[in-house]
Structures are given as structure tokens and as C-alpha cells.
1. S115 - would you say it is in contact with a helix residue (DSSP H, G or I) (Cβ under 8 Å, 6 or more places away or on another chain) and in a loop (DSSP other than H, G, I, E, B)?
2. Report, by residue number, each residue of segment 143-178 that is modelled with pLDDT under 95, in a helix (DSSP H, G or I) and exposed (fewer than 13 other Cβ atoms within 10 Å of the Cβ).
3. State whether the residues of segment 63-70 include one that is part of a helix (DSSP H, G or I), over 24 Å from Y27 (Cα atoms), touching a residue at least 12 places away in the same chain (Cβ under 8 Å) and of a type in the set (D, E, K, R).
4. (1) in contact (Cβ under 8 Å) with a residue 40 or more places away in the chain; (2) more than 30 Å from S299 (Cα to Cα): which one isn't true of D49, the others all being true?
5. Quick one: in segment 43-84, of everything that is within 27 Å of P151 (Cα to Cα) and touching a Ser or Thr at 6+ places or on another chain (Cβ under 6 Å), which residue is surrounded by the most Cβ atoms within 10 Å (Cβ to Cβ)?
6. Is segment 249-267 home to any residue that is touching a Phe, Trp or Tyr at 6+ places or on another chain (Cβ under 9 Å), under 20 Å from C19 (Cβ atoms), at pLDDT 95 or above and not hydroxyl-bearing (S, T, Y)?
7. In segment 116-141, how many are out of contact with any strand residue (DSSP E or B) (no Cβ under 9 Å at 6 or more places or on another chain), farther than 27 Å from E83 by Cα and touching a residue at least 60 places away in the same chain (Cβ under 8 Å)?
8. Just the residues that are surrounded by 20 or more Cβ atoms within 10 Å (Cβ to Cβ) and under 20 Å from K79 (Cα atoms), please, taken from segment 15-33.
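The values are calculated or read from the model by the stated rules, or taken from the named source; none is laboratory data. This one's a predicted model, so the numbers in the text were calculated from it and none came from an experiment. Glycine also receives a Cβ, built like all others from the backbone with ideal geometry; neighbour counts cover every protein chain displayed.
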Amino acid sequence: MSKHKQLLPDIIIVGAPKCGTTSLFHYLADHPLIIPSNVKETCFLNDQDYPLFKKDRNFFKDGLDGYSAFFDNRKSFEKLFMEATPDYLYQKNPLMVLKTFPCKPHIIILLRKPSARIYSLFIFAQNNMGVLDSKITFTQFLDKVWKNELPAKKTILRDCITHSKYYIYIDEWFQCLGKEKIHIVLFEDLKNEPVKTMKKIAGQMGIEQNFYDTYLFTVKNKTVNIKHHNLHKMKKRMASYLPDNTIRIYLKKLYKKINYRRSLPIKSKEDIKSIKDLDDYFIDYNQKLVDLTGLSLVSWD
């Protein structure tokens with residue numbers, strides 16, 4: 001538990017993007033013995049040259065004391081502080097800083113079948129984020145990735161294939177922090193067996209497991225299928241100007257009815273072939289992940 005003076009996280013979800021990190025964050029945040037950060041992704045430990053580096057609040061500017069601003073200590077007795085910044089998995093500074101913590105935090109790494117993660121990221125970027133041309137196909141997107149034609153600031157998209165070679169990054173975390181408090185969770189297990197998976201995680205964190213026996217699991221940060229992409233981009237630009245009140249909530253619900261499709265885009269034959277090609281490409285990398293961690297990847301077959 002957090003007994004040192006600085007309010008430092010006891011649990012950090014460090015990766016990987018589009019592997020269910022937002023859902024896991026909320027599932028853990030609802031546990032009565034966990035206090036979540038006031039924003040899911042603090043990005044506080046990001047490398048200075050990372051695209052998501054926060055100039056106004058970061059470790060280089062504020063030091064470890066700056067972490068305290070993200071946590072509410074009013075009811076902190078015998079509770080665990082938690083944050084989730086999935087991009088930490090790929091960076092150097094988080095490793096260097098976490099190594100200096102008075103008490104090593106629990107590190108949770110969520111992984112997903114590489115081809116499924118990359119495809120989900122592609123659909124998410126086209127729809128939810130609105131940062132990819134809606135007319136580009138998955139195969140064309142992959143071609144741009146292979147040719148390194150995406151902007152550096154879109155690192156999560158540009159490096160999506162490299163970032164899915166999970167064993168490279170996990171090995172660095174093992175070497176720097178040891179294996180004892182690094183917990184690897186598969187997205188597929190969280191999705192298909194949420195109660196069993198969350199009870200296992202709770203046990204690893206040393207908190208009551210039975211809380212999840214009757215817990216209502218809802219998926220967070222779901223990938224959506226946008227009808228009108230120009231309207232979506234306009235909505236994203238205007239969102240910051242709307243007051244955070246019941247009117248905003250009503251408009252959000254109305255917008256979803258108007259511009260969200262009920263189902264995700266249907267994969268084309270070309271998409272399916274590209275996904276199969278990715279599966280073949282990642283066979284050796286996934287085996288290296290198994291050799292490193294001892295994970296069973298049956299759910300990825």
C-alpha cells in the first residue's frame with residue numbers, strides 16, 4: 001500500500017494500446033480499495049521526444065512530487081493508487097523513473113493478438129480519432145506502415161507493427177524491474193472470461209477478489225463505425241467548447257444516434273488476406289513472447 005509521503009501509483013497499466021486498457025482501468029477503478037488517477041492517462045513519465053509528451057505537467061519539470069497532483073489522498077488509508085498510460089510500454093523514461101520508486105508498483109501489461117490489435121487500431125484511427133482518411137483500405141494502410149510513410153507524430157500508427165513485437169519491450173521491463181510485480185494479461189481473456197481474469201488480477205494486487213463476482217462489466221472506449229466522417233471531425237473540434245454538464249451529455253447521446261452505425265465495418269476479402277499475412281509474419285515473434293513469458297497463446301490461434 002502507499003505509505004510513503006509522495007503519492008505515487010501502486011498500480012500502473014503500461015500497455016498496450018487497443019488491448020482493453022481503458023476497460024481494465026475502469027474495472028479496477030471501481031474496486032473500493034483502489035483510487036484511480038483523476039485522468040486515465042497521466043502521460044507524466046513520457047519521454048521528452050514522445051509525441052504525447054505533456055509540456056505543462058511531466059516528470060522532467062515537476063519530479064516525482066508532481067505525480068501527487070493526479071491522486072486524491074482524502075480517503076487513501078490502506079488503498080492503492082492507480083494510473084494507466086499504455087504508451088509507457090514503448091518508452092525509456094518510465095523504466096528509469098519506476099526503478100527509483102521507494103516501493104515497486106504493480107505493472108500490468110495487456111496484450112492482444114497482433115493482427116487483431118493492428119486492425120482495431122486502424123478502424124479506431126479512421127473512426128473514433130478521425131486521423132486517417134476514411135477511404136484508405138487496411139491493405140493500403142499497412143503498405144504505408146511498411147514504407148514508413150506515416151508522420152512521426154502518429155507514432156502509435158506508424159509503429160503499430162514494431163510495437164506488436166511485444167517480447168522486445170517486455171524483455172526490457174523484465175530486465176529493468178524484474179518479473180515479480182509485472183503481470184501480463186491477454187485482451188482475449190479479459191473479454192471472454194472477465195470475472196475469472198479480474199479475480200486473478202485482484203489477487204495479484206492483494207485486494208478482495210470476490211468484488212468481481214457480481215460486477216457489471218461494460219466495455220469502455222469501444223471502436224465505432226462513423227457514418228459521416230466530416231461531421232465527426234467537426235464534432236471533435238467543437239467538443240472542447242461545450243460545457244461539461246447535462247446538455248453536453250444529451251448532445252453526446254444525440255450525436256451517437258445520428259452518426260454511429262450499430263456494427264463495425266465488414267472486413268473485405270483484401271482485409272482478411274492482409275490479416276492472415278500479418279498472422280504469418282508474427283508467428284516467430286509470438287513464439288519469442290511465449291519463450292520469454294511462458295504465456296499460453298491458444299486464444300490467438
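1. It is false that S115 is in contact with a helix residue (DSSP H, G or I) (Cβ under 8 Å, 6 or more places away or on another chain) and in a loop (DSSP other than H, G, I, E, B).
2. Hits for segment 143-178 are A152, K153.
3. Yes, segment 63-70 contains a residue that is part of a helix (DSSP H, G or I), over 24 Å from Y27 (Cα atoms), touching a residue at least 12 places away in the same chain (Cβ under 8 Å) and of a type in the set (D, E, K, R).
4. (1)
5. Filtering segment 43-84 for residues that are within 27 Å of P151 (Cα to Cα) and touching a Ser or Thr at 6+ places or on another chain (Cβ under 6 Å), the one surrounded by the most Cβ atoms within 10 Å (Cβ to Cβ) comes out as A84.
6. Taking segment 249-267 as the starting set, the residues that turn out to be touching a Phe, Trp or Tyr at 6+ places or on another chain (Cβ under 9 Å) are 267.
Add one more test, that the residue is under 20 Å from C19 (Cβ atoms), and what stays is 267.
Filter once more, so that each one left must be at pLDDT 95 or above: none.
No; the residues of segment 249-267 include none that is touching a Phe, Trp or Tyr at 6+ places or on another chain (Cβ under 9 Å), under 20 Å from C19 (Cβ atoms), at pLDDT 95 or above and not hydroxyl-bearing (S, T, Y).
7. Residues flagged as out of contact with any strand residue (DSSP E or B) (no Cβ under 9 Å at 6 or more places or on another chain), farther than 27 Å from E83 by Cα and touching a residue at least 60 places away in the same chain (Cβ under 8 Å) within segment 116-141 amount to 3.
8. Answer for segment 15-33, where residues must be surrounded by 20 or more Cβ atoms within 10 Å (Cβ to Cβ) and under 20 Å from K79 (Cα atoms): L24, F25, Y27, L28, H31.
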